[in-house]
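Following: one structure in structure tokens, then a few remarks.
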Amino acid sequence: MAIISHIGNEWRPGLLPAPERTANGYRDYTPAALARLDFVRRGRTAGLTLAQIREILDIRDAGVAPCQHVHALLDARLGDLDRQIADLQTLRHTVAHLHHSATTSDPTNCDATTVCRYL
């Protein structure tokens, strides 16, 4: 058994079994629970939601290998990341253009009716 003082949302039903408590209030997890917690953390690191991780665990708990489901989730996650990266690249281009325009600023040419002509 391992004693852990704090675990975030992983204790929610479906992710980890309810642990025993020590006399001083620490949660006391079995090695199997720690392995499950490690899986939850790896899933979170990959950007999966707790609901998605719970789905995977439910499939495994039903005695079925969740590999195909995990593959589909990771495929969707890659698509999300690719879209986010493209959006960030577009944003970076926009900010770089604004930054370049602002390098030649002349406060005497600023229109008093606008906050700043560069935005």
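A few notes on this one:
- Accessible carbon and sulfur surface of the range 34-119 relative to its total accessible area, %, 1.4 Å: 60
- Residue-by-residue Karplus 3J(HN,Hα) for the range 82-96, coefficients 6.51, -1.76, 1.60, Hz, glycine and proline x: 4, 5, 5, 5, 4, 4, 5, 5, 5, 4, 4, 4, 4, 5, 4
- Modelled label positions at R21 and T49, each set 7 Å beyond Cα in the direction of Cβ, lie 3.1 nm from each other.
- Cα→Cβ-extended label distance, 7 Å offset, between V64 and A35, nm: 2.2
- Mean residue ellipticity, 222 nm, helices only, the chain: the sum of -39500 (n - 2.57) across DSSP H runs of n ≥ 4, divided by residue count and rounded to 500, is -18500 deg cm²/dmol.
- Binned Cα-Cα distances of the range 19-88, short to long, each 10 Å bin given as a whole percent: 18, 39, 25, 13, 5, 0
- Near R60: Cβ cut-off under 14 Å, other residues only, Lys/Arg at +1 and Asp/Glu at -1. The net charge is -1.
- At 1.567 mPa s and 4 °C, Stokes diffusion of the range 56-119 via Kirkwood alpha-carbon radius, µm² per second: 81
- One chain, two ends: T113 and R92. Fully extended at 0.36 nm per residue, the span grows by 4.8 nm beyond their Cα-Cα distance.
- Karplus-based coupling profile of the range 18-30, in residue order and whole Hz: 4, x, 6, 10, 7, 4, 8, x, 6, 7, 10, 9, 7, with θ = phi - 60° in 6.51 cos²θ - 1.76 cosθ + 1.60 and x standing for Gly or Pro.
The values are calculated or read from the model by the stated rules, or taken from the named source; none is laboratory data. Remember, predicted model here, so these are calculated numbers, not experimental data. Note that each Cβ is placed from the backbone with ideal geometry, even for glycine, and that neighbours are counted across all protein chains shown. Side chains are part of the model used for accessible areas, which takes the heavy atoms of the whole protein and leaves out ligands, DNA and RNA. Shrake-Rupley method; radii C 1.70, N 1.55, O 1.52, S 1.80 Å.
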